[in-house]
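One structure below.
The values are calculated or read from the model by the stated rules, or taken from the named source; none is laboratory data. The structure presented is a predicted model; accordingly, all values stated were derived computationally and were not measured. Every residue, glycine among them, receives a Cβ derived from its backbone with ideal geometry; neighbour counts consider all protein chains shown. For the accessible areas, the whole protein counts, side chains as well, though only heavy atoms, and no ligand, DNA or RNA atoms are used. Shrake-Rupley method; radii C 1.70, N 1.55, O 1.52, S 1.80 Å.
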Amino acid sequence: MNGTSDTARDRAICHEKFAAELTSAVYPLVLQSSLKVSWLEVELDLWKSLATTVERRFRQRSAALSADEGEAWREGLLADLTETALHVVLQTGTAGSLLDLQLALYRTVRLATRRYAIGVRCS
């Protein structure tokens with residue numbers, strides 16, 4: 001295969017692994033709050049939704065970001081991933097404080113993103 005295809009495939013794998021890491025991190029919070037569907041359906045919906053968000057956000061990212069633009073992009077990524085997870089919870093029903101859940105999801109997404117970024121860089 002040529003370098004471009006290998007790079008695109010490697011990038012897609014990196015994004016999938018990142019989505020899987022995020023799913024593993026936020027799944028316990030989502031599962032505790034979801035009332036109406038099976039745990040497997042919740043996990044699959046969460047993974048699919050996060051994977052779609054990760055892929056979309058990385059496609060929108062410019063390779064030539066300044067430091068300020070990069071920070072803004074990362075903050076937008078965190079917000080989008082948090083909202084994506086929250087949307088899954090809302091689709092499956094929720095118990096408890098929505099604001100508390102949103103804050104817990106944001107913190108968890110932020111931590112998982114930092115952990116993943118230390119070991120791997122997706123472009």
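Points to keep in mind about this one:
- Of the residues making up region 40-65, those that are modelled with pLDDT under 85 and among the hydrophobic types (A, V, I, L, M, F, W, C) number 3.
- No other residue among Leu81, Leu90, Leu101 is assigned to a helix (DSSP H, G or I), in contact (Cβ under 8 Å) with a residue 60 or more places away in the chain and either polar (S, T, N, Q) or within 25 Å of Val37 (Cα to Cα) (or both) apart from Leu101.
- Thr113 being open to solvent by less than 70 Å² (accessible area, probe 1.4 Å), touching a residue at least 40 places away in the same chain (Cβ under 8 Å), over 16 Å from the mean Cα position of the chain (by Cα) and at negative phi: no
- Residue within region 36-55 that is closer than 20 Å to Arg114 by Cβ, of a type in the set (Gly, Ala, Ser) and open to solvent by 80 Å² or more (accessible area, probe 1.4 Å) present: no
- Qualifying residue in region 87-97 (condition: at pLDDT 95 or above and among the polar types (S, T, N, Q)): no
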